[in-house]
Structures are given as structure tokens and as C-alpha cells.
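Q: Shown below is the structure under consideration.
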Amino acid sequence: MDLDAVRTFVAAVDTGRFQDAAATLAITQQAVSKRIAGLERDLGVRLFTRTARGARLTIDGQAFLPHARTLLQAEERALASVRPGRRALRVDVIGRRLAPAVLLRGFHRAHPDTELDVVTLFDADAAVTALRAGTIDACFRAVTVPARLLPDGIEAVRVYDEPVQLLTGPGHELAAARAVTPAQLAGHRIWMPGIVEGTEWAAYYDALAAEFGLTIEATGPDFGTEPLLDTIADSAVLATFVGADTRLVWPADQDLRRIPLRDPTPVYPHSLLWRADNPHPALTALRVHLTAARPDARRATDTWTPAWPG
């Protein structure tokens, strides 16, 4: 159905005269007549009776009028849903327990009126594909290639270096340590069944293991966070790595230990990625917030991260 014709019909009803409807819509009176005639042909009924005083609705026109108003209201809602700044900003945070979700919650606290749609995609390839397709507005990822090698139109800025910590059970040899160096972990078994070959986090932990001579095992099925914590809590030899901002909750009797890594501190480099042609105003606000909130934009000398991040 021609919504311009519907809009013209409603304007003619509201003004009472085709001439006044033409002035309201900034078109000619002839155009009003043609639109109304076309709408009547489409509907197969007469909508108006022309009188000396103007246009009066027929009984069919009276029946159609409330539905015509509903159509125009639906049109306005549809347009508003995609109007820049009106729809929710859709952001991929990898996982809802991870640091990117913490960063996005910080943005929401600073901008409570900004509507957010939070999603979790699997890896960087899936996230970049979604960015290019326009199904998300932004994503948090570790960028394993120089920025110049990102797909055309995709931009990235590094927004947070998250310290990596060691997680052990109470019976582990290092459980009582206040901090350990990465070099001290050589010879210890680090178990991370969630590592998936080809992902950005696999690339990060491969580089970490190679740099400090570590053994990181990804063997066995990944049953999720809780079974991993159960295994670590009961083991005297297995430990795992977690991000400092990863939200974990475990029973008190597990007595798990988060142990900082020092000299240097490995940090996981989170970047925000987006399409350069995305006009959503909340996207600009998110970038400004994250870059301003970054504790220290300069590379700290006491941290380590792979050479590949931008």
C-alpha cells in the first residue's frame, strides 16, 4: 500500500479540504486528488464524497480511517527503530563474565540513557563478519594483526590491558604465594580446556607459553567454568590462567586462589572494533569513554603482551 497516499488521505480528513491538505503536505491539489484516486482504486471503494464545503468521508472512508492512522504510526515506529541514536547500540562482549562486559557496564553507568543490546559471539572472525554485515555495531577483541591488515572499513583502538592471573587450588605448590613471575611457572601444568585453535585467545596463550617456556594444556573436553573450577580446586598440580576482571564465583570450601603475576605482568590486550561508516552516535560516545577510562594509554614497561596487538 502506498503510504504517501494513506498520509494524503489522513491529511484530507484532518483539514477537511483537498486544497488545505495540499498546503499541509506541500504538494499540489492535483497531486492530492491523484493520490486519493489511486488509493480508492487500490481499495476498491470510494473514500470521499466531494461537496461544496469540502470532502466528506463515505462510510467506507470512516471504516478505513482508524486503520490508516495505525499504518502511519507503524511507519513512524519503523523509521524510529533505525534512526541514528534511537535504536540500541549492539555490542559483542565475547562472554558475559569477561572483562569486555565489565567495560561495557562501566559505560552504561556513565551513560544510563544509552540503550544497549549485548551479544556474545564466538571469535574474532565471527565478530568481524558481523561488523561488516552490520548486524553488530562494535565488538571487543584482541587484534592479532596490525591495524592496517584489518578488513577495509574496520577500525580498532586498544582500550584495556587486562592483567592475567594464576588460579590454583589450596593444595597447589604455589597456592600460598602472594605473587609469582611467569618464569616461575615453567614446569608447572597450566590447564585451559577452553582454548580453541585458531582463535585470538589461542594465539595469545601460544605466544605467552613460547615467551616464558610454559606448558599450557588444552586437552580434554570443555565442560564449562564450574567443572574447570572443581578440577583446579581438587588438584595439587593443575592451575589455570584467568583474566583479573573475569567474574568467577565458587563455593567457599573450594578455597581457590587468584595469584597475581609480576615481573612482568602478562596483560591481555582488549581492543574495540567498529565499522568506520557506522553513524550511531552512541558508538562515538563508547569510544570516547573507553579511551578516556584506560588507566594508562602508554605501554607499561613492567607488562608483557605479544608483539602483534595494535
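Q: Which of the residues spanning segment 220-248 are closer than 17 Å to ALA99 by Cα and among the small types (Gly, Ala, Ser)?
A: GLY243, ALA244 - these are the residues of segment 220-248 that are closer than 17 Å to ALA99 by Cα and among the small types (Gly, Ala, Ser).
Q: A follow-up question, please. Enumerate the pairs (first residue in segment 168-190 and under 21 Å from ALA207 (Cα atoms); second residue anywhere and loosely packed, with under 12 Cβ neighbours inside 10 Å and modelled with pLDDT of 95 or more) with beta-carbon separation below 6 Å, excluding pairs fewer than 6 apart on the same chain, so at least 6 apart or on different chains.
A: ALA186/GLY213
Q: Within segment 147-169, how many residues turn out to be at pLDDT 95 or above and in a loop (DSSP other than H, G, I, E, B)?
A: 1
Q: Just to verify a result, which residue in segment 94-104, among those that are out of contact with any Ser or Thr (no Cβ under 8 Å at 6 or more places or on another chain) and more than 19 Å from THR284 (Cβ to Cβ), is surrounded by the most Cβ atoms within 10 Å (Cβ to Cβ)? Let's see the steps before the verdict.
A: First, pick out the residues of segment 94-104 that are out of contact with any Ser or Thr (no Cβ under 8 Å at 6 or more places or on another chain): 100-104.
From the residues that got through so far, the ones that are more than 19 Å from THR284 (Cβ to Cβ) too are 101-102.
Numbers: ALA101: 20, VAL102: 18.
It comes out as ALA101.
Q: Under 7 Å between Cβ atoms, which residue pairs at least 6 apart in sequence (or on different chains) link something in segment 196-215 that is farther than 13 Å from TRP304 by Cβ with a partner that is basic (Lys, Arg)?
A: Cβ pairs passing all conditions: GLU200/ARG141; THR215/ARG189.
Q: Also, I was wondering about something else. Given the structure, is PRO260 closer than 30 Å to ALA110 by Cα, touching a Ser or Thr at 6+ places or on another chain (Cβ under 7 Å), in a strand (DSSP E or B) and not hydroxyl-bearing (Ser, Thr, Tyr)? Break it down into steps so the answer makes sense when it comes.
A: Numbers: closer than 30 Å to ALA110 by Cα: yes; touching a Ser or Thr at 6+ places or on another chain (Cβ under 7 Å): no; in a strand (DSSP E or B): yes; not hydroxyl-bearing (Ser, Thr, Tyr): yes.
So PRO260 does not fit the description; no.
Q: How many residues does segment 24-55 hold that are in a helix (DSSP H, G or I), at pLDDT below 90 and more than 23 Å from HIS67 (Cβ to Cβ)?
A: 0
Q: Which residues, taken from segment 225-253, are part of a loop (DSSP other than H, G, I, E, B) and charged (D, E, K, R)?
A: Here is the first cut: in segment 225-253, the residues part of a loop (DSSP other than H, G, I, E, B) are 235-237, 244-251.
Selection gives ASP245, ARG247.
Q: Do any residues in segment 120-140 that are within 22 Å of HIS289 (Cα to Cα) have Cβ atoms under 7 Å from those of residues that are part of a loop (DSSP other than H, G, I, E, B) and among the basic types (Lys, Arg), where the two are at least six apart or on different chains, and which pairs are they?
A: Partner pairs satisfying both residue conditions: THR120/ARG96.
Q: Would you tally the residues in segment 50-75 being surrounded by 12 or more Cβ atoms within 10 Å (Cβ to Cβ) and not basic (Lys, Arg)?
A: Summing the residues that are surrounded by 12 or more Cβ atoms within 10 Å (Cβ to Cβ) and not basic (Lys, Arg) in segment 50-75 gives 14.
Q: State whether one or more residues within segment 131-146 are over 13 Å from the mean Cα position of the chain (by Cα), in a helix (DSSP H, G or I), aliphatic (A, V, I, L, M) and within 24 Å of THR303 (Cβ to Cβ). Quick ask: steps written out before the conclusion?
A: To start, the set of residues in segment 131-146 that are over 13 Å from the mean Cα position of the chain (by Cα) comprises 132-133, 142-146.
If we keep only those that are in a helix (DSSP H, G or I) as well, we get 132-133.
If we keep only those that are aliphatic (A, V, I, L, M) too, we end up with 133.
Imposing the further condition that a residue be within 24 Å of THR303 (Cβ to Cβ) reduces the set to none.
Within segment 131-146, none of the residues are over 13 Å from the mean Cα position of the chain (by Cα), in a helix (DSSP H, G or I), aliphatic (A, V, I, L, M) and within 24 Å of THR303 (Cβ to Cβ).
Q: Among the residues that make up segment 275-286, is at least one of them of a type in the set (Asp, Glu), assigned by TED's automatic domain parsing to the domain that holds ALA110 and either touching a Gly at 6+ places or on another chain (Cβ under 6 Å) or modelled with pLDDT of 90 or more (or both)?
A: yes
Q: Quick one: would you say VAL91 is closer than 16 Å to ASP137 by Cα, without any contact (Cβ under 8 Å) to a residue 40 or more places away in the chain, out of contact with any Ser or Thr (no Cβ under 9 Å at 6 or more places or on another chain) and not acidic (Asp, Glu)? So that I can check it myself, show each step before the final result.
A: Details: closer than 16 Å to ASP137 by Cα: yes; without any contact (Cβ under 8 Å) to a residue 40 or more places away in the chain: no; out of contact with any Ser or Thr (no Cβ under 9 Å at 6 or more places or on another chain): yes; not acidic (Asp, Glu): yes.
In short, no.
Q: Could I ask something else about it? Would you check which residues across segment 173-196 are loosely packed, with under 14 Cβ neighbours inside 10 Å, touching an Asp or Glu at 6+ places or on another chain (Cβ under 9 Å) and within 24 Å of ASP222 (Cα to Cα) and list them?
A: Scanning segment 173-196 gives a single hit, VAL196.
Q: Considering PRO66, PRO100, which residue is under 46 Å from the mean Cα position of the chain (by Cα), part of a helix (DSSP H, G or I) and under 30 Å from GLU162 (Cβ atoms)?
A: Numbers: PRO66 fails: under 30 Å from GLU162 (Cβ atoms).
None of the other options fit; the residue is PRO100.
Q: Out of curiosity, is PHE107 crowded, with 17+ Cβ neighbours inside 10 Å, touching a helix residue (DSSP H, G or I) at 6+ places or on another chain (Cβ under 6 Å), assigned by TED's automatic domain parsing to the domain that holds ASN278 and more than 20 Å from GLY198 (Cα to Cα)?
A: Working: crowded, with 17+ Cβ neighbours inside 10 Å: yes; touching a helix residue (DSSP H, G or I) at 6+ places or on another chain (Cβ under 6 Å): yes; assigned by TED's automatic domain parsing to the domain that holds ASN278: yes; more than 20 Å from GLY198 (Cα to Cα): yes.
Yes; evaluated as a whole, the condition is true for this residue.
Q: Of the residues that sit in segment 32-47 and are of a type outside the set (Lys, Arg) and buried (at least 20 other Cβ atoms within 10 Å of the Cβ), which one is farthest from ALA12 (Cα to Cα)?
A: That would be LEU39.
Q: Across segment 151-162, what is the total count of residues that are surrounded by fewer than 17 Cβ atoms within 10 Å (Cβ to Cβ) and either within 21 Å of GLY243 (Cβ to Cβ) or free of Cβ contacts under 8 Å to residues at least 12 places away in the same chain (or both)?
A: 2
The values are calculated or read from the model by the stated rules, or taken from the named source; none is laboratory data. As the structure is a prediction and not an experimental result, all values here were calculated from the model. Virtual Cβ from ideal backbone geometry, glycine too; neighbours counted across all protein chains shown.
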